[in-house]
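Engineer: Quick one: the structure is below, and I'll ask about it shortly.
The values are calculated or read from the model by the stated rules, or taken from the named source; none is laboratory data. Here the structure is a predicted model, which means the values were calculated and not measured. Ideal geometry is used to build each Cβ from the backbone, glycine not excepted, and the neighbour counts take in all protein chains shown.
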Amino acid sequence: MSGIDADLALQPHHDGSPAYVSGPAEPRLGEVLRVRLRVPAGAGAPAAVWLRSLRDGEPHLEPAGLATGDGTHSFFEAPLPLVNPVQRYRWYLRYSGEAGKADYRWFNAAGLHRRDVPDAFDFRIHAGSPTPDWIKESVMYQVFPDRFANSGTVKPRAGWMVSCDWDTPVQGTGEAAGRQFYGGDLPGIQAHLGHLGDLGATILYLTPIFPAASNHRYDASSFDEVDPLLGGDGALVALVEAAHARGLRVVGDLTTNHTGAGHHWFVDAYRNPAAPTGEYYYFNQDRTGYEAWLGVPSLPKLNWNSAALRERFILAEDSVAVRWLKAPFNLDGWRIDVGNMTGRRGSEDLNQEVARMLRQRVEEVKPGAMLLAESTSDAAPDVPGDGWQGVVSYSNFTRPLWQWLAREEPPEQNGWFFGLPQPGPARIDAADFVATHREMSAGFNWEVRLANANALDTHDTARAASHMIDGGQELAACVQFAFPGIPLVFAGDEFGLLGFNGEDSRTPMPWGAPEKWGKDLRRLYADLAALRAGNRALIDGSLRWIAAEGNLLAWVREHSTGSVLCVVVRGPVVETSLGNAVHLSGEPGNALLALGNAVEVKVDETGEVLVKASGPGVSFHLAKEAGAWSQPARAESVIPEA
């Protein structure tokens, strides 16, 4: 058993993908699924396996039967009844240890363990609430409207503005950062829809478009109209129609946690107890103070205890969440700002209640619409599967990827790395990247993982290229498009733009000014989008780790239509064997994707896949699928020894 915990190639594997869970696409309570565990042959093979499921809070052990594999691995399979809406389960394995002693391990979504582990990292399946296929297949392109393109229409001046020319440098800090106004608008975005199509994007995601007293517009003064500075309601109708004609969906950004202090609801309610909107917010007794997001006075917090607010925001036929999904606007869904804080205040926690209400109402009005929530920390407890479809988060993907690709020395600018008092990411090795990703993803069911948006950066972060090794953004983009979830590309990533914090990263798009580009990565993003669209494994195939050591990451995305081996290295790698954990289905020299010439993948005379690299690079290859399902022999109904 030496090295089994450290060597990913010798570990068992399971996830919620169809390669490992067999049953209806939309499982219901009372149905019985079949689940299986892939185990390596030889030294890594367990002698017996049990499926442990949690039923009404009580653990239940089901012996798993052995099904044959291809000689390098086999499968243990067992039935899994869906007893509860969120069905949790994990595996219990018995190995033959030294001197004939039995050696028991738990295997859950965080990996293989010699010790008892909490239920929090169990695999889970949610009965019902599947993710629409178009969401899984999407490539999302984020636009910050003020900085994307100016149609040339003269804009009226407002008191909050610091008017800027398109070439005026962005102020990354200071009082003017949120007030710089560059005049980007919806007609300007419409004029560049071809650019999105060329990159392979399928969703245009717009940060807020409602009137506000800032350039970011998260402090809405109304949800009833599109900001006239962006072109007004008619400009949104025209943009969505033009996008739909090109096969692009359009998703808006909605603040369910707060409004702006200038919002007419709040203005009417402040110091006026009789106002109909008075219960929408948290006021003190004499209405001289109110609860605000993180104490920021311009962002008063919404009180979801209010039945009137629920009606006005979600339930009514002309509610905020509903109106913009209907004609003539026809948005295709929402990204919910600070979804993790919505409905939460002290001892109150209405978060999942609000999420479920919003999901149900959105699907009634527009079946299949998108509903993702921003979450700045560990998002899994907030997304059981029947509320938010997924999250725009940083903890399970963005942060650990930045840390693995971090420079040896942090950048010169002083700042905060994703809310931490440090100038940049602390560098980690590949094993820590995998451990972080697995633990931060363990609480998501598979449908949620496929709907999570994986961003390299957004309007709230520094640009990835500012903190990564030379060429790190290209490596990161390859990982982004080869992971479960939606690739989320922030406008300007394709030009390799820099930015030391969120404000600084909101650079106006340098159209026609290549001297301002960090790198021209348009071809890379287009190729990655095409590669993902052409290989179903990269959309909803299983994610099985093969190797994670120092500079090397290797994993395989498994699917019945064909699998893909993904190898990404951040620096030199001595020749390393991936063993028999993966089998290529084509010649090693015929890579699906090769970034640079630094990575060599070959197969030796025994069939083992070998990798070595002289520097940073990427190599993706077609691989054989996990193997067809077969009816296993019935295992003995035996409870493991204590």
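Engineer: In the stretch 564-578, what count of residues is obtained for those that are under 17 Å from E608 (Cα atoms) and either surrounded by fewer than 21 Cβ atoms within 10 Å (Cβ to Cβ) or polar (S, T, N, Q) (or both)?
Structural biologist: The number of residues fulfilling the criteria is 4.
Engineer: Return the residues of the stretch 248-288 that are hydrophobic (A, V, I, L, M, F, W, C) and over 17 Å from V320 (Cα atoms); say none if nothing qualifies.
Structural biologist: Within the stretch 248-288, L248, A261, V267, A269, A274, A275, F283 meet the criteria.
Conditions tested, residue by residue: (1) crowded, with 17+ Cβ neighbours inside 10 Å; (2) under 21 Å from the mean Cα position of the chain (by Cα).
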| site | (1), (2) |
| --- | --- |
| D337 | yes, yes |
| T342 | yes, yes |
| S347 | no, no |
| L350 | no, no |
| L358 | yes, yes |
| V365 | no, no |
| G368 | no, yes |
| L372 | yes, yes |
| V383 | yes, yes |
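Engineer: For the stretch 373-410, which positions are within 15 Å of P130 (Cβ to Cβ) and of a type outside the set (D, E, K, R)?
Structural biologist: The answer is V383, P384, G385, G387, W388, Q389, G390.
Engineer: Let me ask another. When both residues are 6+ apart or on different chains and their Cβ atoms are under 7 Å apart, which pairs have a first residue that lies in the stretch 22-46 and is touching a residue at least 12 places away in the same chain (Cβ under 8 Å), and a second that is surrounded by fewer than 12 Cβ atoms within 10 Å (Cβ to Cβ)?
Structural biologist: Listed by first residue and then by second, the contacts come to E31/P24; A41/G71.
Engineer: Taking the condition of being among the aliphatic types (A, V, I, L, M), over 30 Å from the mean Cα position of the chain (by Cα) and either farther than 30 Å from G607 by Cβ or part of a strand (DSSP E or B) (or both), how many residues in the stretch 42-65 meet it?
Structural biologist: If we filter the stretch 42-65 for residues that are among the aliphatic types (A, V, I, L, M), which is where we start, we get 43, 45, 47-49, 51, 54, 61, 64.
Narrowing further to those that are over 30 Å from the mean Cα position of the chain (by Cα): 43, 45, 47-49, 61, 64.
Next cut, either farther than 30 Å from G607 by Cβ or part of a strand (DSSP E or B) (or both) only: 48-49, 61.
Residues meeting the conditions: 3.
Engineer: Just one of the numbered conditions (1) crowded, with 24+ Cβ neighbours inside 10 Å; (2) in contact with an Asp or Glu (Cβ under 7 Å, 6 or more places away or on another chain); (3) in a helix (DSSP H, G or I) is not true of Q480; which one?
Structural biologist: All conditions pass for Q480, except number (2).
Engineer: Right, another one. Could you check how many residues of the stretch 144-157 are under 16 Å from A177 (Cα atoms) and either at pLDDT below 90 or not assigned by TED's automatic domain parsing to the domain that holds V489 (or both)?
Structural biologist: So the count comes out to 0.
Each row is one residue, and each column tells you yes or no for (1) part of a strand (DSSP E or B); (2) hydrophobic (A, V, I, L, M, F, W, C); (3) under 24 Å from I469 (Cα atoms); (4) in contact with a Phe, Trp or Tyr (Cβ under 7 Å, 6 or more places away or on another chain).
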position: R532; (1), (2), (3), (4): no, no, no, yes
position: V564; (1), (2), (3), (4): yes, yes, no, yes
position: E605; (1), (2), (3), (4): no, no, no, no
position: S619; (1), (2), (3), (4): yes, no, yes, no
position: A628; (1), (2), (3), (4): no, yes, no, no
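Engineer: Can you pull out every residue in the stretch 92-126 that is under 18 Å from A442 (Cβ atoms) and among the hydroxyl-bearing types (S, T, Y)?
Structural biologist: Within the stretch 92-126, the subset under 18 Å from A442 (Cβ atoms) is 92-93, 105-126.
Scanning the stretch 92-126 gives a single hit, Y92.
Engineer: Same structure, new question: Hey, could you check the stretch 504-530 for residues that are part of a helix (DSSP H, G or I) and free of Cβ contacts under 8 Å to residues at least 24 places away in the same chain and say which is surrounded by the most Cβ atoms within 10 Å (Cβ to Cβ)?
Structural biologist: In this case the residue turns out to be K516.
Engineer: Here is a list: A47, A43. Which entry is on the phi < 0 side of the Ramachandran plot, touching a Leu at 6+ places or on another chain (Cβ under 8 Å), modelled with pLDDT under 95 and surrounded by fewer than 15 Cβ atoms within 10 Å (Cβ to Cβ)?
Structural biologist: Among A47, A43, only A43 is on the phi < 0 side of the Ramachandran plot, touching a Leu at 6+ places or on another chain (Cβ under 8 Å), modelled with pLDDT under 95 and surrounded by fewer than 15 Cβ atoms within 10 Å (Cβ to Cβ).
Engineer: Looking at A482, A491, A477, can you tell me which residue is in contact (Cβ under 8 Å) with a residue 24 or more places away in the chain, out of contact with any strand residue (DSSP E or B) (no Cβ under 7 Å at 6 or more places or on another chain), among the small types (G, A, S) and not assigned by TED's automatic domain parsing to the domain that holds S619?
Structural biologist: That would be A477, the only listed residue that is in contact (Cβ under 8 Å) with a residue 24 or more places away in the chain, out of contact with any strand residue (DSSP E or B) (no Cβ under 7 Å at 6 or more places or on another chain), among the small types (G, A, S) and not assigned by TED's automatic domain parsing to the domain that holds S619.
Engineer: Give the residues of the stretch 534-553 that are in a strand (DSSP E or B) and among the polar types (S, T, N, Q), sorted by residue number.
Structural biologist: Hit for the stretch 534-553 is S542, nothing else.
Engineer: Still on this structure, I have one more. Would you pick out the residues in the stretch 105-130 that are β-branched (V, I, T) and crowded, with 21+ Cβ neighbours inside 10 Å?
Structural biologist: Correct list: I125 only.
Engineer: Are any residues in the stretch 285-326 under 18 Å from D268 (Cβ atoms), outside any loop (DSSP other than H, G, I, E, B), within 30 Å of the chain's Cα centre (by Cα) and of a type outside the set (D, E, K, R), and if so, which ones?
Structural biologist: Result: A292, P300, L302, L309, F313, V320.
Engineer: Something else about it: If the Cβ limit is 7 Å and pairs must be 6+ apart or interchain, which residue in the stretch 161-181 that is over 12 Å from R506 (Cα atoms) pairs with which residue that is part of a strand (DSSP E or B)?
Structural biologist: M161/F181; V162/Q180; V162/F181; S163/F181; C164/Q180; C164/F181; A176/V162; R179/V162
Engineer: Turning to a different aspect of this structure: Taking the stretch 66-104 on its own, how many of its residues are part of a loop (DSSP other than H, G, I, E, B), surrounded by fewer than 14 Cβ atoms within 10 Å (Cβ to Cβ) and touching a residue at least 40 places away in the same chain (Cβ under 8 Å)?
Structural biologist: Summing the residues that are part of a loop (DSSP other than H, G, I, E, B), surrounded by fewer than 14 Cβ atoms within 10 Å (Cβ to Cβ) and touching a residue at least 40 places away in the same chain (Cβ under 8 Å) in the stretch 66-104 gives 3.
Engineer: Looking only at residues in the stretch 531-546 that are touching a helix residue (DSSP H, G or I) at 6+ places or on another chain (Cβ under 9 Å) and under 19 Å from I203 (Cβ atoms), which one is surrounded by the most Cβ atoms within 10 Å (Cβ to Cβ)?
Structural biologist: L538
Engineer: Going through the stretch 415-442 one residue at a time, which ones are over 22 Å from Q473 (Cβ atoms), part of a loop (DSSP other than H, G, I, E, B) and either at pLDDT below 95 or of a type in the set (K, R) (or both)? So that I can check it myself, show each step before the final result.
Structural biologist: We begin by selecting, within the stretch 415-442, every residue over 22 Å from Q473 (Cβ atoms); these are 421, 431, 435, 438-439, 441-442.
Applying the additional criterion that residues be part of a loop (DSSP other than H, G, I, E, B) yields 421, 442.
Residue satisfying the conditions is P421 alone.
Engineer: Among the residues of the stretch 227-255, what is the count of those that are assigned to a loop (DSSP other than H, G, I, E, B) and either out of contact with any Phe, Trp or Tyr (no Cβ under 7 Å at 6 or more places or on another chain) or not assigned by TED's automatic domain parsing to the domain that holds Q190 (or both)?
Structural biologist: Here the count works out to 4.
Engineer: Which members of the stretch 227-243 meet the condition of being surrounded by fewer than 22 Cβ atoms within 10 Å (Cβ to Cβ) and closer than 20 Å to H264 by Cβ?
Structural biologist: P228, G232, D233
Engineer: Right, something else. What are the residue pairs meeting all of these: first residue in the stretch 592-604, first residue under 15 Å from L524 (Cβ atoms), second residue of a type in the set (V, I, T) and buried (at least 18 other Cβ atoms within 10 Å of the Cβ), Cβ atoms under 8 Å, and 6 or more apart or on different chains?
Structural biologist: Once the first residue is under 15 Å from L524 (Cβ atoms) and sits in the stretch 592-604, its partners that are of a type in the set (V, I, T) and buried (at least 18 other Cβ atoms within 10 Å of the Cβ) give L592/V564; L593/V618; A594/V618; L595/V618; G596/V618.
Engineer: Within the group L299, L309, L254, which residue is surrounded by 14 or more Cβ atoms within 10 Å (Cβ to Cβ) and touching a His at 6+ places or on another chain (Cβ under 7 Å)?
Structural biologist: Just a single option satisfies the conditions, and that option is L299.
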